[in-house]
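Inspection log for the structure reproduced underneath, given as structure tokens.
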Amino acid sequence: MNQVETIVDLRSFVRQARRAGKRIGFVPTMGYLHDGHLKLVEAARQQCDFVVMSIFVNPLQFGPNEDFNRYPRDIERDRKHAEAVGVDLLFTPSVEEMYPHEVLTTVSVAHVSQPLCGRTRPGHFDGVATVVSKLFQIVQPDAAFFGQKDAQQLAVIQQLVKDLSIPVDIVPCPTVREPDGLAMSSRNVYLTEEERSQATVLYRSLQQAEQLLAAGERQAAVIQDQLTRTIAAESLAQIEYVEVMHYPHLKEATELVVGDQILIALAVRFGRTRLIDNLITTVK
Ligand code: AMP
């Protein structure tokens, strides 16, 4: 595995691979790798011949009171993981490399960026859309792999690629969970023991949603209420949102009908740690 820190070096390695006729797969991350990230690499290896992973904690997507400075970082550990799962090229640019000047051009995806995390993290998805557009320009991959754990981010990126005719296949990959159901996240390391044990309520509530749907519940508000109650029963949980939306255009759902593709999305804080999780399903 090669590791590069500059855009010039990255391009030179990717050019070589493309000249050799290889299909380029790309896995953008913020590092502190876990099995969720590694599954994206696995999917990329299955569909591509040359896999590029980026590790970049993007300041543009963090609000002023968010965790940019304390976001967990360990490049040495990540390097080993990336190499072990078969990443061909690891791109670890500095903030100065990515943003050497004041950024005057940003990418903003209307509507899908507004609800859910867009409401509580203003500017977050503009930061994501901007850095992903920039990384796509730098790497020019044939395919890019994203986790459904960040369902709204995935919807934003799918819209962005469509609107700007960016020639990259966006490949959604399923959420990877801990044995007790907690969705893997680099932020899970922030949780205290008690918070960690209560945090399983996110997955439990999504399972409850599946059961409600299977039992024929069609009122989004009822599902929302029941899940809110389940989560609120955990003493340390502070709910940011529990929402049922049509997916992927993210319009609010009220009365569900068979065939609807829906997203049930949660954001819950435990102490200083904000966790998200979701269920994407089709109403049967
Ligand atoms: P992050 O490093 O958190 O920015 O995530 C980088 C990529 O990994 C994004 O496409 C995420 O959706 C994906 N990802 C993060 N956690 C998981 C997970 N538990 N399962 C699947 N994909 C994930």
Which residue, of THR105, THR29, THR92, is in contact with a His (Cβ under 6 Å, 6 or more places away or on another chain) and either at pLDDT 95 or above or farther than 26 Å from LEU182 by Cα (or both)?
THR29
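For every residue, the table says whether it meets (1) over 25 Å from VAL244 (Cβ atoms); (2) open to solvent by 20 Å² or more (accessible area, probe 1.4 Å); (3) β-branched (Val, Ile, Thr); (4) without any contact (Cβ under 8 Å) to a residue 12 or more places away in the chain.
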| site | (1), (2), (3), (4) |
| --- | --- |
| ASP150 | no, yes, no, no |
| VAL176 | no, yes, yes, no |
| THR192 | yes, yes, yes, no |
| ARG196 | yes, yes, no, no |
Take the conditions within 15 Å of the ligand (Cβ to nearest atom) and in contact (Cβ under 8 Å) with a residue 60 or more places away in the chain and apply them to PHE91. Does it pass?
yes
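Condition first: within 16 Å of the ligand (Cβ to nearest atom) and either of a type in the set (A, V, I, L, M, F, W, C) or part of a strand (DSSP E or B) (or both). Now tell me which residues in the stretch 9-43 satisfy that.
GLY25, PHE26, VAL27, PRO28, THR29, MET30, LEU33, LEU38, LEU40, VAL41, ALA43
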Quick one: what pairs do we get from the stretch 202-218, first residue modelled with pLDDT of 95 or more, second among the hydrophobic types (A, V, I, L, M, F, W, C) and surrounded by fewer than 18 Cβ atoms within 10 Å (Cβ to Cβ), C-beta under 8 Å, 6+ apart or different chains?
LEU212/VAL222; LEU213/LEU256; LEU213/VAL283; ARG218/LEU256; ARG218/VAL257; ARG218/VAL283
Test of understanding: among VAL109, VAL95, VAL103, which residue is in contact with a helix residue (DSSP H, G or I) (Cβ under 9 Å, 6 or more places away or on another chain) and open to solvent by less than 30 Å² (accessible area, probe 1.4 Å)?
VAL109
Select from the stretch 45-92 the residues that are out of contact with any Phe, Trp or Tyr (no Cβ under 8 Å at 6 or more places or on another chain) and of a type in the set (Gly, Ala, Ser) and write down the one among them that is surrounded by the most Cβ atoms within 10 Å (Cβ to Cβ).
ALA82
When only residues in the stretch 214-227 that are open to solvent by less than 50 Å² (accessible area, probe 1.4 Å) and touching a strand residue (DSSP E or B) at 6+ places or on another chain (Cβ under 7 Å) count, which is nearest to VAL176 (Cα to Cα)?
LEU227
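The values are calculated or read from the model by the stated rules, or taken from the named source; none is laboratory data. Bear in mind the structure is a predicted one, so any value in this text is a computation, not a measurement. Don't worry about glycine lacking a Cβ; one is built from the backbone with ideal geometry, like all the others, and counts go over all protein chains shown. With ligands, DNA and RNA removed, areas are computed over all heavy atoms of the protein, side chains included. Shrake-Rupley method; radii C 1.70, N 1.55, O 1.52, S 1.80 Å.
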